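This report refers to the structure that appears directly beneath it.
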Amino acid sequence: MQYRRLLLRIASQYPCREDLVDSLHQFIGYSDEILPEAIYISGPPCCGKTVITSALLRYLKHLRYAVVDCLECYSSKVLFEDIIDSLSYHEPTYENSFAPLAKCDTMKSFLAELRKGFAQDTVVIVLKNAEKLRDMDANILPTFLRLRELSGMNVCCILIGQIPFEKFYPKTGLPSVHHIKVPQYTKEQIEMILLKDSNRMGQALKEKISADSQIPEEELQKRLEIISSFNLDFFRNYLSTFLHMFYRVCRNLIQLRMVANECFEKYCEPVFSDPSMSSSANMLWRNVSGTLKAALETLYTRLNASSIENSQNREMKDFIQIVELPFYAKYLLIAGYLASHNPAKEDKRLFLKNHGKQRKRLKSVNAKAKVAEKTMLLQGPATFSVDRLLAIFHAIIEQKVCLTCDLLAQISTLVELGFFTRTTTDRNILEGSARFVCGLQVSVIQRIGEMVGFHVNRYLCDLMQ
């Protein structure tokens, strides 16, 4: 009966994760039983692994526990000291000169401090981002998996990570652990979780509207009353529309919640002018579809969707898409731009180290002066072949890259995204006769060059003169 109340209490705060709570409770929920040596919880990011484990440990009063993020521990010494501080409820502050409770330089001193302070307690140590343990000393991970045996205490280590446990195995092997797999939230589960936040979503919209000084007082009161009248069906229709576009692209619950709150005001605009529109799902969809598409483009760039939607700046939209491209694809873009905006006869001088000296004759200087206003940047991009694109790519990239199917497939991807335009009618774009044009702006290519550490201006003939 007590466990049933505990399960309902956690499920009310974190729905759709009853199986995880039940599995953890079977291992660590009973005060009269010995804890397992180690438990590994794996699953995708933002699926409730850490928050639900911490919530269950808070309700289990017979346990003393510590939750430590391995990502914040740049050395094993910091990891050991953080665990001891957390178990002892010690917080480094200005008053104690941010000193740890005990110095633990080695695993031996850590085990000694563990026995000294918590020999009679039932201890659970939770290590978030456990993948980082593989980068520490070779004895760290095997010791945590055998902590109960080495310390002689009733202690359990819970590792939380995103990768399969098989990727932890060194050549010498590891002790067996109890493995709990946490699945990704389904579309229906995400909708249920976001629907529980409907009151918070409405309250956030009220605060946002109240902070807008340009809205008249009478109109402000009208909008606040309309927001208060929204029922669950209104929020459900919005979330169904929102997830229809976003669930295929993003499963991160935190990211989805943030974008849903950002786009909710645009969804409500027709209702502010006509309250009867709250039941017209098609009209509301037409009004918010542009904002949702803009938010989809800026999902991982932390940019405001409404500002991107209102802006007609093609340069910024191109840059947002390029941010998500693979590393080699960015170099292919730079190579394509250089091929489009440099004459082919200058490739040897630009990209070969031993290209010989370039003689400056009076005739050539005068000829360049006459066509100063007809540079490649002003005339527009020229076409280039796949062979020339790959030659420039291999010349500008610092590492040795083999010509593989994946590399050639990225050229097709750049054509599909519209960064390269095909000027020939060849069915296979990778044929030798196929020609392309790169129509991106120079400022976008310069930004991409800064991202990969490549100085574009040094390889553009027009900017070198």
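The values are calculated or read from the model by the stated rules, or taken from the named source; none is laboratory data. Quick caveat: nothing in here was measured; it's all calculated off a predicted structure. No Cβ is skipped: glycine too gets one built from the backbone with ideal geometry, and neighbour counts run over all protein chains shown. Just the protein is used for accessible areas: all its heavy atoms, side chains included, with ligands, DNA and RNA removed. Shrake-Rupley method; radii C 1.70, N 1.55, O 1.52, S 1.80 Å.
List the helices (runs of 4 or more DSSP H) that sit entirely inside the range 1-113 and contain at least 3 residues that are in contact with a strand residue (DSSP E or B) (Cβ under 8 Å, 6 or more places away or on another chain) and surrounded by 15 or more Cβ atoms within 10 Å (Cβ to Cβ). Once the helices (runs of 4 or more DSSP H) in the range 1-113 are filtered for at least 3 residues that are in contact with a strand residue (DSSP E or B) (Cβ under 8 Å, 6 or more places away or on another chain) and surrounded by 15 or more Cβ atoms within 10 Å (Cβ to Cβ), what remains is 18-28, 49-59, 76-87. Of all the residues that make up the range 387-396, how many are open to solvent by 10 Å² or more (accessible area, probe 1.4 Å) and either acidic (Asp, Glu) or in contact with an Asp or Glu (Cβ under 9 Å, 6 or more places away or on another chain) (or both)? Adding up the residues that qualify gives 4. Could you tell me whether the range 12-26 includes any residue that is over 21 Å from TYR65 (Cα atoms), within 27 Å of the chain's Cα centre (by Cα) and of a type in the set (A, V, I, L, M, F, W, C)? Yes - at least one qualifying residue is present in the range 12-26.
Scanning the range 253-268 for residues that are surrounded by fewer than 20 Cβ atoms within 10 Å (Cβ to Cβ), touching an Asp or Glu at 6+ places or on another chain (Cβ under 9 Å) and under 15 Å from TYR185 (Cβ atoms) yields a total of 1.
Scan the range 204-218 residue by residue and report those that are surrounded by 13 or more Cβ atoms within 10 Å (Cβ to Cβ) and in a helix (DSSP H, G or I). Explain how you work it out, then say what you get.
Restricting attention to the range 204-218, the residues satisfying the condition of being surrounded by 13 or more Cβ atoms within 10 Å (Cβ to Cβ) are 204-206, 208-209, 215.
Result: ALA204, LEU205, LYS206, LYS208, ILE209.
Among the residues of the range 173-198, how many are touching a residue at least 12 places away in the same chain (Cβ under 8 Å) and open to solvent by 60 Å² or more (accessible area, probe 1.4 Å)? Adding up the residues that qualify gives 7. Applying the criterion of being among the charged types (D, E, K, R) and in contact (Cβ under 8 Å) with a residue 12 or more places away in the chain to the residues of the range 114-136, the residue that is surrounded by the fewest Cβ atoms within 10 Å (Cβ to Cβ) is ARG115. When LEU147 is tested against the conditions (1) open to solvent by 30 Å² or more (accessible area, probe 1.4 Å); (2) closer than 16 Å to LEU159 by Cβ, the lone failure is (1).
Close Cβ contacts (under 7 Å, 6 or more residues apart or on different chains) running from residues in the range 60-87 that are touching a residue at least 40 places away in the same chain (Cβ under 8 Å) and of a type in the set (Gly, Ala, Ser) to residues that are in a helix (DSSP H, G or I) and open to solvent by 10 Å² or more (accessible area, probe 1.4 Å) comprise ALA66/SER86. When the range 114-153 is examined, which residues are found to be outside any loop (DSSP other than H, G, I, E, B) and of a type in the set (Gly, Ala, Ser)? Of everything in the range 114-153, those that are outside any loop (DSSP other than H, G, I, E, B) and of a type in the set (Gly, Ala, Ser) turn out to be GLY117, ALA130, SER151.
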